[in-house]
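Student: So that we are looking at the same thing, I have put the structure below in structure tokens.
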Amino acid sequence: MTYIKSVTFDCTDALAQARFWAAALGSDVDEDSTPDRAFVEAAGWGGPNIWFQRVPEPKTAKNRLHFDLRAPGPIAAEVARLEALGAKVRHAGDDLTVMTDPEGNEFCVE
């Protein structure tokens with residue numbers, strides 16, 4: 001059976017993106033990570049690992065794939081924590097908040 005081993009993000013600074021997502025997901029950045037390529041191991045059993053790779057072109061359109069994060073408590077508290085890490089709110093709702101990571105990749109908090 002095939003399974004998802006990792007999810008890869010194209011970005012302008014792999015290390016900065018890895019640091020954001022490691023902090024957001026409660027994991028660590030691999031010690032061999034660099035601004036060109038970085039790796040974050042899944043914090044929990046069964047989750048895919050996350051790779052970040054530098055590419056020369058910027059993000060130009062809405063993601064075709066995004067993460068849906070489940071807040072461990074009130075959504076507002078998790079949104080505030082993620083904002084302190086560098087995320088931005090695009091749309092806040094009662095049950096779902098759409099945010100962007102530091103390079104503009106959309107994700108949701110529910």
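All of the numbers you see were taken from the coordinates with simple rules; none came from a lab. No experiment lies behind these values; they were computed from the predicted model shown. Cβ sites come from the backbone with ideal geometry, for glycine too, and all protein chains shown count toward neighbours.
Student: Where does the chain land at 222 nm, in deg cm²/dmol rounded to the nearest 500, when only DSSP H runs of n ≥ 4 count, each adding -39500 (n - 2.57), divided by all residues?
Tutor: After summing the helix terms and dividing by the residues of the chain, the value is -6500 deg cm²/dmol.
Student: Charges at C-beta only: +1 for Lys and Arg, -1 for Asp and Glu. How large is the resulting dipole of the range 1-56 about its Cα centre, in Debye rounded to 20?
Tutor: Computed about the Cα centre, the dipole is about 180 debye.
Student: Let me check I've understood the local charge: for G86, count other residues with C-beta under 12 angstrom from its C-beta, Lys and Arg +1, Asp and Glu -1. What total comes out? Present the calculation step by step, with values, prior to reporting the outcome.
Tutor: Values: positive: R19, R81, K88; negative: D13, E83, D101, E103.
Here the charged neighbours net out to -1.
Student: Report the charge-dipole magnitude of the chain in Debye, nearest 20, computed about the Cα centre from +1 at each Lys and Arg Cβ and -1 at each Asp and Glu Cβ.
Tutor: 240
Student: Does anyone have the angle between helix 75-85 and the longest principal axis of the chain? Alpha-carbon axes, 0 to 90°, nearest 10?
Tutor: The two axes meet at around 40 degrees.
Student: Here's something else I'd like to know. Looking at L96, F107, A84, which one has the Cα that reaches farthest to the positive end of the dipole of the range 66-110 (charges on Cβ: Lys, Arg +1; Asp, Glu -1)?
Tutor: Checked the options; the winner is A84.
Student: Along each principal axis of its Cα atoms, how long is the range 1-56 end to end? Whole angstroms, biggest number first, please.
Tutor: Largest to smallest, the principal-axis extents are 34, 23, 18 Å.
Student: Determine the dipole magnitude for the range 66-110: charges of +1 sit on the beta-carbon of Lys and Arg, -1 on that of Asp and Glu, nothing else is charged, the reference point is the Cα centre, and the result goes in debye to the nearest 20.
Tutor: With only Lys, Arg, Asp and Glu charged at Cβ, the dipole is about 120 debye.
Student: Counting only Cα atoms, I'd like the Rg/Rh figure for the chain, Kirkwood definition for Rh.
Tutor: Value, to two decimals: 0.96.
Student: Also, quick follow-up: Taking the 0 to 90 degree range and rounding to the nearest ten, how far is the long axis of helix 14-25 tilted relative to the main principal axis of the chain, both from C-alpha atoms?
Tutor: Helix 14-25 sits at roughly 40 degrees to that axis.
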